[in-house]
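Read the figures in this text as sums done on the coordinates, not as results from a lab. Since the model is a prediction, treat every value here as computed from it, not as a measurement. Cβ coordinates were reconstructed from backbone atoms using ideal geometry, including for glycine residues, and neighbour counts include every protein chain displayed.
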Amino acid sequence: AAKADGKGTWTRYRPQLYESAMERVRLRTSLDTAIGKDEFFLCYQPIVDLRGGKERVAGFEALVRWQHPEFGLLTPDQFIPLAEETGQIVQLGEWILARAIADAARWNAGRAGTATRRVTVNVSAHQFLDDGLVNWIDRQLGDAGLPSDLLILEITETAFLHHHGPEVQQNLHALSEIGVRIAVDDFGTGYSSIAYLRDLHIDILKADRSFVARIAEDSSHLRLLKGIVTVAYALEIDVVAEGVETVAQRDLLRKMGCRYAQGYYYSPAVPVDRVAPLAAELEGRSR
Ligand code: C2E
Ligand code: MG
Ligand code: MG
Ligand code: MG
């Protein structure tokens with residue numbers, strides 16, 4: 001459903017899903033059957049390697065969408081928090097991981113070495129508490145034929161801060177043992193230090209888009225991000241700048257030596273059949 005917003009443009013109508021207990025219950029109930037009814041799908045947003053003369057698409061982040069029969073197209077913010085609350089995220093998270101691994105195996109078929117493109121998947125803290133997680137992932141990788149070093153798992157900084165028990169540490173360690181990389185998502189929105197992340201076997205830090213948003217206008221934001229990049233690299237942690245929307249931001253990131261960029265400047269998330277053509281397009285465009 002869509003409605004005019006009064007300024008002559010059309011926006012998708014988004015019901016306030018948490019408005020009433022009734023709607024919450026309806027959403028929760030429909031979550032239970034949504035996987036079976038094939039209502040979820042993944043879109044993929046490119047992550048670009050800025051290093052060297054020619055930009056390269058190093059990988060894609062999987063972002064889940066829900067084509068709800070009654071509420072329309074839902075973005076993750078509209079149902080992931082609920083799924084986390086109810087525990088339904090565990091089943092949904094497995095579906096997402098399995099699908100992303102299968103998709104990445106397909107887009108990497110016949111590619112090798114520097115031509116491969118990684119997939120990075122958002123994982124909730126709940127999933128990390130499961131002690132069967134790493135074995136399960138290892139099996140999925142084997143079944144799909146995806147090398148483990150082409151998979152990255154993203155966990156938000158705040159999830160890390162609230163769940164740092166022994167299960168989480170064990171899982172992190174086991175994942176690094178099998179070659180799966182770990183990224184801290186939305187870095188800068190919590191209060192963790194980079195040194196602490198290093199102790200947790202973190203490979204990649206994703207600087208939150210609130211940092212990146214103002215680097216071109218505000219020199220204090222620019223200095224802050226430069227500092228993060230410098231410290232991260234000293235600890236051999238890679239950095240992805242999120243939410244890159246302008247060429248000015250991209251240029252500043254290159255200049256400060258930030259290796260990876262992701263954002264609307266390159267592309268929003270696209271359906272899986274657009275992954276290969278989009279990568280070719282981005283790598284071919286003149287700058
Ligand atoms: P995130 O992991 O930080 O993902 C980036 C979000 O920022 C995505 O929104 C993406 O579309 C948006 N974005 C990307 N580039 C730009 C940009 O240049 N400007 C702006 N303004 N936004 C940009 P999306 O897809 O709505 O996802 C929102 C959040 O939902 C994600 O944040 C992630 O935390 C969560 N999420 C998404 N997919 C999954 C999933 O499969 N599992 C779990 N557990 N969480 C997910
Ligand atoms: Mg993410
Ligand atoms: Mg992020
Ligand atoms: Mg973010």
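Dimensions of region 95-165 based on its C-alpha atoms, expressed as ranges along the principal axes with the largest first, amount to 41, 21, 17 Å. Diffusion coefficient of region 27-111 by Stokes-Einstein, Kirkwood radius over Cα pairs, 20 °C, 1.002 mPa s: 148 µm²/s.
Each helix, a run of at least 4 DSSP H residues, gives -39500 (n - 2.57); summed and divided by the residues of the chain, these come to -12500 deg cm²/dmol at 222 nm. With loop membership from DSSP and a limit of 13 other Cβ atoms within 10 Å, the longest segment of the chain without GluC sites (Glu not before Pro) is 71-216. Extending 7 Å from Cα along the Cβ direction at residue 189 and again at residue 95 yields two label points whose distance is 2.3 nm. If you plug the beta carbon distance of residue 210 and residue 265 into 1/(1 + (r/R0)^6) with R0 = 22 Å, you get a FRET efficiency near 0.85.
If you build the Cα gyration tensor of region 182-287 and take the root of 5 times each eigenvalue, what three semi-axes come out, in whole angstrom, biggest first?
Details: eigenvalues 119, 59, 29 Å².
Listed largest to smallest, the semi-axes of region 182-287 are 24, 17, 12 Å.
Inter-label distance, residue 223 to residue 28: 4.9 nm, where each label sits 7 Å from its Cα along the C-beta direction. Bridges between two residues of the chain, per DSSP, are antiparallel at a rate of about 50%.
For residue 60, nonlocal amide neighbours, meaning residues 5 or more places apart or on other chains whose placed amide H falls under 5 Å from its own, are 47, 118, 119, 120. From the mean inverse distance of alpha carbon pairs (Kirkwood) and the Cα radius of gyration, derive Rg over Rh for the chain. The Rg/Rh ratio comes out at 0.96.
If R0 is 30 Å, what FRET efficiency do you get for residue 85 and residue 112 from their C-beta distance, rounded to 0.05?
Working: r = 43 Å, r/R0 = 1.42.
For residue 85 and residue 112, the calculated efficiency is 0.10.
Projecting the Cα atoms of 240, 36, 159 onto the charge dipole of the chain (Cβ charges, centred on the Cα centre) puts 240 farthest toward the positive pole. Comparing 75, 158, 120 in a Gaussian network model of the chain where C-alpha atoms under 10 Å apart are linked, the largest mean-square fluctuation is found at 75.
Both radii were evaluated on the Cα set of region 52-157; the Rg over Rh quotient, with Rh as the Kirkwood radius, amounts to 1.01.
Using a 10 Å Cβ count of at most 16 others and DSSP loop calls, identify the longest part of the chain lacking such chymotrypsin sites (Phe, Trp or Tyr not before Pro). It runs 19-190.
In angstrom, the C-alpha Rg and Dmax of region 126-189 are 12.0, 36. Computed from phi, the 3J(HN,Hα) profile of region 199-208 under the Karplus parametrisation 6.51, -1.76, 1.60 (θ = phi - 60°) reads 5, 8, 6, 7, 9, 9, 10, 9, 6, 4 Hz, with x in place of Gly and Pro.
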